[in-house]
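In what follows, a structure is listed as structure tokens, so that the remarks can point back to it.
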Amino acid sequence: MSGLMRGKVVLVTGAARGQGREHVLRMAGEGADVIAVDLCATLPGVAYASSEPTDLDTTVALAEESGQQVVPLVADVRDLAGLRDAVDGAVEKLGRLDAVVANAGICIPSAWDQVTEEIFRDTMDVNVTGTWNTVMATAPHLVTAGGGSIVLMSSSAGLKVQPFMIPYTTSKFAVRGMAKAFAAELARFGIRVNSVHPTGVDTAMGSRAMLTQVAKASMADPRLRGMLVNMQPVEGISVEDVANAVLFLVSDASRHVTAHAMAVDAGVSEF
Ligand SMILES: NC(=O)c1ccc[n+]([C@@H]2O[C@H](COP(=O)([O-])OP(=O)(O)OC[C@H]3O[C@@H](n4cnc5c(N)ncnc54)[C@H](O)[C@@H]3O)[C@@H](O)[C@H]2O)c1
């Protein structure tokens, strides 16, 4: 640990497991107190298991081993009023807010003609509206703090089209645009906003159930499978790989990096 985040408070959504848990652990390990937000309930439409309250408890217990304060919030990023109330209370408790990692998301692969209205709406509700809600509930606290850093979790699907994921690809391109748009208007408050674009990550979302669903959908046009191949000869990346990029972006080491779309994608988006 180098204490890069000492004295800071960071909010992470989707914190119960996967990448979100790793961001919480990394922030606490670098000296930050953390507000850890998750739905901890059934996710709409996904092929993989949902997280549970005990998953968030585990994140908190592991992060507290660093000696930092961690405030868990069971909240739905789709509910702006509820999120605002919960965030306001947690920020009051910890005294400030310096950085935000808007990481909560879902993915429901399907061939284009199998995408229902419900799948499209659910994906946009969580990945786009939920991300916007997260910024709206937190940015005023960063303004009060005199500045800060916001990271929006997109995907390689927000840099390069991913077939058999029209709603997800649409949502992640939107998140990339949202980061640049917020970056412009929040710059005068000393707030930086960037997006991060991982290739497949070893989490529940990147699990066997999910890969099977993609393989099934890709039978509609097997030629397109090559669009998902990484340039580096790896199947996917780890949560630590993504946390390294997020730590750089929330820390002062990146103080003049804003409106940037950072690929952590083993080269898939250029391949
Ligand atoms: N796993 C991958 O292959 C991959 C690749 C690129 C980008 N991403 C993105 O990274 C982020 C994290 O994904 P992950 O791989 O850790 O997935 P994950 O499913 O393991 O974790 C996502 C977490 O978000 C929470 N969440 C979902 N909807 C929520 C809501 N409405 N309110 C609050 N919390 C909610 C879930 O409960 C879960 O704990 C997502 O935005 C995802 O789109 C994932």
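On the given criteria, is ARG6 touching a residue at least 24 places away in the same chain (Cβ under 8 Å), within 15 Å of the ligand (Cβ to nearest atom) and of a type outside the set (A, V, I, L, M, F, W, C)? No: the conditions fail for ARG6. Go through region 248-270 and give me each residue that's within 15 Å of SER156 (Cβ to Cβ) and buried (at least 16 other Cβ atoms within 10 Å of the Cβ). Of everything in region 248-270, those that are within 15 Å of SER156 (Cβ to Cβ) and buried (at least 16 other Cβ atoms within 10 Å of the Cβ) turn out to be ALA261, MET262, ALA263, VAL264, ASP265, ALA266, VAL268, SER269.
Taking the stated definitions as given, is ASN194 within 15 Å of the chain's Cα centre (by Cα), at pLDDT 95 or above and part of a helix (DSSP H, G or I)? When the stated conditions are applied, ASN194 does not pass them. Against the definition (in contact with a Pro (Cβ under 8 Å, 6 or more places away or on another chain) and part of a helix (DSSP H, G or I)), how does THR131 come out, yes or no? It is false that THR131 is in contact with a Pro (Cβ under 8 Å, 6 or more places away or on another chain) and part of a helix (DSSP H, G or I). Scanning region 218-247 for residues that are farther than 14 Å from VAL268 by Cβ, polar (S, T, N, Q) and not in a helix (DSSP H, G or I) yields a total of 1.
The residues of region 114-135 that are out of contact with any Leu (no Cβ under 6 Å at 6 or more places or on another chain) and either crowded, with 22+ Cβ neighbours inside 10 Å or closer than 17 Å to VAL100 by Cβ (or both), listed by number, are THR123, VAL126, ASN127, VAL128, THR129, GLY130, TRP132, THR134, VAL135. Across region 80-102, the number of residues qualifying as buried (at least 16 other Cβ atoms within 10 Å of the Cβ) and not in a helix (DSSP H, G or I) comes to 7. Number of residues in region 233-247 that are at pLDDT 95 or above, of a type outside the set (Gly, Ala, Ser), surrounded by fewer than 18 Cβ atoms within 10 Å (Cβ to Cβ) and within 23 Å of the chain's Cα centre (by Cα) equals 3. Scanning region 197-217 for residues that are of a type in the set (A, V, I, L, M, F, W, C), crowded, with 18+ Cβ neighbours inside 10 Å and assigned to a helix (DSSP H, G or I), we see that the one that is nearest to the ligand (Cβ to nearest atom) is MET210.
Just so you know, in region 9-55 the residues that are assigned to a helix (DSSP H, G or I), of a type outside the set (Asp, Glu) and touching a helix residue (DSSP H, G or I) at 6+ places or on another chain (Cβ under 6 Å) include one that is nearest to the ligand (Cβ to nearest atom), and it is GLN19. The set of residues from region 50-92 being within 17 Å of CYS40 (Cα to Cα) and among the small types (Gly, Ala, Ser) comprises SER50, SER51, ALA61, ALA75, GLY82, ALA86.
Let's see how each residue does on (1) of a type in the set (A, V, I, L, M, F, W, C); (2) touching a residue at least 40 places away in the same chain (Cβ under 8 Å); (3) within 30 Å of ALA215 (Cα to Cα); (4) in contact with a Cys (Cβ under 6 Å, 6 or more places away or on another chain):
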{"position": "SER51", "(1), (2), (3), (4)": "no, yes, yes, yes"}
{"position": "ALA63", "(1), (2), (3), (4)": "yes, no, no, no"}
{"position": "ASP85", "(1), (2), (3), (4)": "no, no, no, no"}
{"position": "ALA99", "(1), (2), (3), (4)": "yes, yes, no, no"}
{"position": "ALA102", "(1), (2), (3), (4)": "yes, yes, yes, no"}
{"position": "PHE120", "(1), (2), (3), (4)": "yes, yes, yes, no"}
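Among the residues in region 103-110, are any of a type in the set (S, T, N, Q), modelled with pLDDT of 95 or more and in a helix (DSSP H, G or I)? Checked against the condition, which is being of a type in the set (S, T, N, Q), modelled with pLDDT of 95 or more and in a helix (DSSP H, G or I), region 103-110 yields no hits at all. When ASP125, ASP113 are screened for being under 17 Å from the mean Cα position of the chain (by Cα) and more than 19 Å from ALA259 (Cβ to Cβ), only ASP125 passes. For region 237-271, the set of residues classified as on the phi > 0 side of the Ramachandran plot and touching a strand residue (DSSP E or B) at 6+ places or on another chain (Cβ under 9 Å) consists of ALA259, ALA266, listed by residue number.
The values are calculated or read from the model by the stated rules, or taken from the named source; none is laboratory data. In this text the structure is predicted, and so the values were computed from the model without any measurement. Using ideal geometry, Cβ is built from the backbone for each residue, glycine included, and neighbour counts are taken over all protein chains shown.
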